[in-house]
There are 2 protein chains.
Amino acid sequence: MERTVERTLTIALPDAEIARRLSPPPDGSRIIVWDLGDPAPDVPIDLLVLRYMIPPAELRGLDAVSVRVVQSQTLGFDGVRETLPAGIVYCNAVEVHEASTGELALALILASQRGIGEAVAAQPRGEWAHAQHPGLADKTVLLIGVGGVGREIEKRVAPFDARLVRVARSSRTDDRGEVHGMASLRALLPEADIVVLAVPLAGDTRHLVDAAFLGLLRPGALVVNVARGAVVDTAALVDWLAAGRGRAALDVTDPEPLPADHPLWALPGAIITPHLGGHTDAMAGRVDRVVLEQIRRLREGEPPLNPVLGG
Amino acid sequence: MERTVERTLTIALPDAEIARRLSPPPDGSRIIVWDLGDPAPDVPIDLLVLRYMIPPAELRGLDAVSVRVVQSQTLGFDGVRETLPAGIVYCNAVEVHEASTGELALALILASQRGIGEAVAAQPRGEWAHAQHPGLADKTVLLIGVGGVGREIEKRVAPFDARLVRVARSSRTDDRGEVHGMASLRALLPEADIVVLAVPLAGDTRHLVDAAFLGLLRPGALVVNVARGAVVDTAALVDWLAAGRGRAALDVTDPEPLPADHPLWALPGAIITPHLGGHTDAMAGRVDRVVLEQIRRLREGEPPLNPVLGG
């Protein structure tokens with residue numbers, strides 16, 4: 001493995017807050033603050049950290065700049081392949097958001113199953129609306145996606161006395177039992193009380209949840225989406241909710257942000273959170289850890305962590 | 001142990017729904033439906049099942065009736081000692097609500113920590129209000145009460161990467177580590193990000209959470225109450241919330257139900273659910289199991305399950 005000549009690395013960070021957290025940088029790296037706007041820096045950048053949830057289209061602006069490695073603050077990178085200039089290595093943020101996103105999945109499942117949404121909505125009216133709600137115990141949870149986020153959801157569902165059924169692209173057995181393949185999905189949907197989406201957005205997962213999918217669910221079933229909005233066919237979901245056939249708890253939507261006049265906002269049984277996914281105060285420390293590791297690897301001449309595109 | 005003479009037991013159930021579920025009764029017991037109103041049944045009742053969340057004052061009506069054993073559908077029995085006529089054995093509902101109440105505690109913790117309340121409140125305005133919220137990972141959860149409900153909360157907090165500190169009346173060590181005594185409470189409060197109340201209401205837990213208790217908490221701390229409303233001094237909590245010093249998620253309140261014009265409803269950082277505790281669709285099966293066991297014990301001449309008062 002090539003060992004780079006000792007020289008000052010240039011690290012571009014997207015805001016003063018993260019620059020403050022990472023200062024002073026290890027071993028004298030040079031930190032600049034740049035968020036892909038004008039003016040572009042006139043120095044070659046060794047590591048560029050993107051701002052959290054930057055629209056992929058902005059990456060086209062890297063055409064005019066010399067950048068070796070881009071570090072994203074998100075796990076998903078749908079749309080980046082189409083906009084990232086050639087010759088730049090793009091790394092996604094692994095082990096930054098998985099735990100928080102798994103936590104949010106449980107927050108959404110429990111809020112919907114236990115009537116937290118109804119209670120909060122009744123609160124401004126001072127209404128003590130006692131009712132029985134379904135709960136999570138004894139329910140069947142169909143988890144679609146068993147990657148990093150799926151694993152965190154699985155861990156957190158475990159103590160709730162629910163039945164967890166896992167589905168991934170291909171069937172297999174792991175240390176926690178059976179994982180069903182997508183081919184079995186149609187057979188599994190009628191058993192599910194709760195479906196949790198934790199798959200990356202890709203050609204075969206776009207509109208995975210369509211009218212046919214929803215039509216196979218039990219009356220009153222809950223669809224939870226912490227993946228990407230377009231994993232769900234929004235029009236089909238709107239029809240299904242409007243007909244009172246089931247419930248949804250969505251942290252991601254298509255389109256996103258959801259426009260103020262979109263019908264989803266007002267549908268019965270829908271809880272919508274504004275892509276809170278991994279965004280907790282646990283995030284900063286985990287981002288910093290990834291950036292420091294990338295700096296170390298650049299200095300040592302090691303390949304970067306989690307390169308998913310380019311290079 | 002005395003073996004009773006074979007005879008027909010009379011079981012009084014509070015509504016037609018539970019009567020339907022338990023019919024036909026085992027071994028020819030006689031079922032009547034009675035909810036402590038007029039007219040009182042003119043037969044001696046072997047087992048009287050109370051309706052869920054009946055006000056204890058109504059138990060005074062048992063004065064005019066012959067009842068051997070009363071089975072409650074709740075775990076807490078504050079106020080029953082004062083109203084139960086002499087000579088009646090009162091049994092509380094153990095292993096009916098603990099899991100659901102533990103589940104609700106997590107629902108409330110996660111809803112408050114992850115901004116579900118804010119999101120639901122913004123939904124009618126079609127407002128995509130992305131913000132960072134504190135989360136549960138890496139937080140310190142102070143669990144006060146390690147009985148049946150406390151144990152269920154503990155199990156469910158475990159996979160969330162939080163630090164759990166347990167407090168009970170007296171200090172001890174169990175299979176899961178240290179339990180601090182109430183005497184240490186003042187020293188532990190300043191470390192807590194989240195306090196969860198899971199103690200029975202008794203002389204020494206009434207107004208446990210008062211102005212002094214709240215004053216020791218960190219700015220922004222969360223108080224979760226799934227115990228009984230009067231474990232909290234409501235006036236002190238209102239002052240603390242109104243001053244923006246912390247947050248609360250309350251399934252129980254004092255007074256309860258909370259009157260429509262009570263200031264708690266509108267305070268920032270407060271989530272109020274209408275005593276949903278153990279009330280999920282997992283409840284009915286668990287109540288039936290307890291009632292059937294009581295019938296079996298009465299028939300076999302065994303002492304009843306979970307007698308807590310009388311007899």
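The values are calculated or read from the model by the stated rules, or taken from the named source; none is laboratory data. Computed from a predicted structure; not experimentally measured. Neighbour counts are summed over all protein chains in view; Cβ atoms, including those assigned to glycine, are modelled from backbone coordinates with ideal geometry. Accessible surface areas use protein heavy atoms only, side chains included; no ligands, DNA or RNA. Shrake-Rupley method; radii C 1.70, N 1.55, O 1.52, S 1.80 Å.
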Cβ-Cβ FRET estimate between A:R7 and A:D261, R0 fixed at 41 Å, reported to 0.05: 0.15
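Which shape class applies to the range B:63-185: rounded if a/c is under 1.5, otherwise prolate when a/b exceeds b/c and oblate if not, where a ≥ b ≥ c are the square roots of the Cα gyration tensor eigenvalues? Write out the running numbers ahead of the final one.
Numbers: a/c = 3.14, a/b = 1.54, b/c = 2.04.
Oblate shape, in that a/c is at least 1.5 and b/c is the bigger or equal ratio.
Only helices at least 20 Å long along their own axis, judged from Cα atoms, and with Kyte-Doolittle mean hydropathy of 0.5 or greater: name those in chain A from DSSP H.
Working: long enough: A:98-113 (22 Å, 0.86); A:283-300 (26 Å, -0.47).
Membrane-span-like by this criterion, though nothing is claimed about a membrane: A:98-113.
Note down the relative contact order for the range A:67-119 as a percent, whole number, built from C-alpha pairs under 8 angstrom at least six residues apart.
Numbers: 37 pairs, mean separation 19.1, N = 53.
For the range A:67-119, the relative contact order is 36 percent.
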Label point 7 Å beyond Cα along the C-beta direction, distances from A:R172 to other copies (nm, shortest first): 4.6
Estimated inter-spin distance, A:A183 and B:T173, nm [label 7 Å along Cα→Cβ]: 5.5
Copy-to-copy label separations for A:D261, where each label sits 7 Å from Cα toward Cβ, in nm and ascending: 4.0
Within chain B, longest stretch free of exposed GluC sites (Glu not before Pro) [DSSP loop, at most 14 other beta carbons within 10 Å]: B:96-311
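I want the antiparallel fraction of DSSP beta bridges within the protein assembly as shown, as a percent rounded to 5.
10
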Rel. contact order, % - alpha carbon contacts under 8 angstrom, at least six apart, chain B: 18
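Could you tell me what percent of the accessible area of chain A is made up of carbon and sulfur, with a 1.4 Å probe and every protein chain present?
Working: 6740 of 12820 Å².
Answer for chain A: carbon and sulfur cover 53 percent of the accessible area.
Going by a ≥ b ≥ c, the root eigenvalues of the Cα gyration tensor, does the range A:130-285 fall in the rounded group (a/c under 1.5), the prolate group (a/b larger than b/c) or the oblate group? Don't jump to the answer; show the numbers that get you there.
Working: a/c = 1.32, a/b = 1.20, b/c = 1.10.
Here the range A:130-285 falls in the rounded category.
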Centre separation in Å (Cα based) which lies between the range A:133-163 and the range B:1-61: 38
Rounded Å value of the spacing that divides the Cα centres of the range A:204-230 and the range A:64-109: 24
Cα convex hull volume per residue for the protein assembly as shown (Å³): 194
Overall Cα dimensions of chain B, principal axis frame, Å, largest first: 66, 48, 33
Radius of gyration, Dmax [the range A:182-250; alpha carbons; angstrom]: 10.9, 30
Accessible area in square angstrom per residue, chain B, 1.4 angstrom probe: 41
Share antiparallel - DSSP beta bridges, chain B, percent rounded to 5: 10
Gaussian network model of chain A, springs between alpha carbon atoms under 10 Å - residue of A:P159, A:P274, A:P134 with greatest fluctuation: A:P159
Built amide H within the under 5 Å cut-off of B:T273, gap 5+: B:L250, B:D251
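Size of the dipole of the protein assembly as shown about the Cα centre, Lys and Arg at +1 and Asp and Glu at -1 on the beta carbon, nothing else charged, in debye to 20? Don't skip to the answer; put the middle values down first.
Values: 62 positive and 80 negative charges, 164 e Å.
Value, rounded to 20: 780 debye.
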Label distances, nm, B:R297 versus same residue in remaining copies, Cβ-directed 7 Å point: 6.2
Residue closest to axis [chain B; rotation mapping onto A; Cβ; Å]: B:V120, 2
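May I ask you to compute the full-extension gain from B:E302 to B:E127, defined as 0.36 nm times their residue separation minus their alpha-carbon distance, rounded to one decimal in nm? Spell out each step's value before the answer.
Values: separation 175, 0.36 × 175 = 63.00 nm, distance 6.05 nm.
Here the segment from B:E302 to B:E127 would lengthen by 57.0 nm.
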Per-residue [θ]222 nm for chain B (sum of -39500 (n - 2.57) over DSSP H runs n ≥ 4, rounded to 500): -7000 deg cm²/dmol
Proximal lysines to B:K155, defined as alpha-carbon separation beneath 17 angstrom and excluding residues fewer than eight positions away on the same chain: A:K155, B:K139
Listed residues B:W128, B:A260, B:H180: farthest to the positive end of the dipole of the range B:98-272 (Cβ charges): B:H180
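For Cα pairs less than 8 Å apart in space and 6+ apart in sequence, what is the mean separation divided by the residue count of the range A:98-272, i.e. the relative contact order in percent?
Once normalised by length, the contact order is 19 percent.
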Order of exposure, largest accessible area first, which applies to B:W128, B:W240 with probe 1.4 Å: B:W128, B:W240
